[in-house]
Amino acid sequence: MPERLPPGRPKASAAFDPEPPVGGEPVSPPPGRGAGGGGLAASGSVLAFDFGIKRIGVAIGTLLGAGRSASARPLTTIDAEGNDARFDAIARLIAEWQPVQLLVGRPLNEDGTAHEMTARCTRFANQLRGRFRLPVDEVDERFSSTAAEANLRERGLSWQQRKLQVDAEAACIILQTWFDNHAATPATA
């Protein structure tokens, strides 16, 4: 079962609306290109986020370099009130895991069009870029929560257990999808 951060904190009841970074909100790079628009790092940790209004699921994986497989695992669910507590929890994860890449699930309608949560997730990705100065990719997350719920149900978890783990499991699916699509891409200087 993924660890929940921060311990003992109540669930957020208000919408999480990330604050824009100092100096304004940066323009998001094209999906799949990261903050710098270059290739992928040769290897290192990758953190993926399944952003939600109440919770943020987090998964961790290791990019092993071009042509080598990589795998993801659920890490935690950030279930904290307010922007400061959420970004403090993210800062602790970044300090601990020292990722070379961050990912944010980008929700879309079934037909590929954007909706209200798409803009919120893009803003969250921009916040991560601005605060942590790391490359951030947005990953199409259509059906990741549905797949996560199905995975957890197949493992025989009760609805209460699934509720606690579904966000981190969705982040894991987002990360594994990104690995499957991008890990074989050669790094560029």
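Between Asn83 and Ala95, the simple label model (points 7 Å from Cα in the Cβ direction) yields a spacing of 2.1 nm.
Each part gets one Cα centre, and for the stretch 108-130 versus the stretch 67-103 those centres are 18 Å apart. Between Val139 and Val104, Gly105, Arg106, the built amide H atoms are under 5 Å apart, and every one of these is 5 or more places off in sequence or on another chain.
Near Ile90: Cβ cut-off under 12 Å, other residues only, Lys/Arg at +1 and Asp/Glu at -1. The net charge is 0. When you count the other C-beta atoms within 10 angstrom of each residue and take the mean per peptide, 126-132, 107-113, 72-78, 169-175 line up highest first as 169-175, 72-78, 126-132, 107-113. The residues neighbouring Glu110, those whose beta-carbon lies less than 13 Å from its own, together hold a net charge of -2 under the Lys/Arg +1, Asp/Glu -1 convention.
Each reported figure results from applying straightforward, stated rules to the coordinates on display, with no laboratory input. Since the structure is predicted, the reported quantities are computational estimates derived from the model, not experimental observations. FYI the Cβ positions are ideal-geometry reconstructions off the backbone, even for glycines, and counts take in every protein chain you see.
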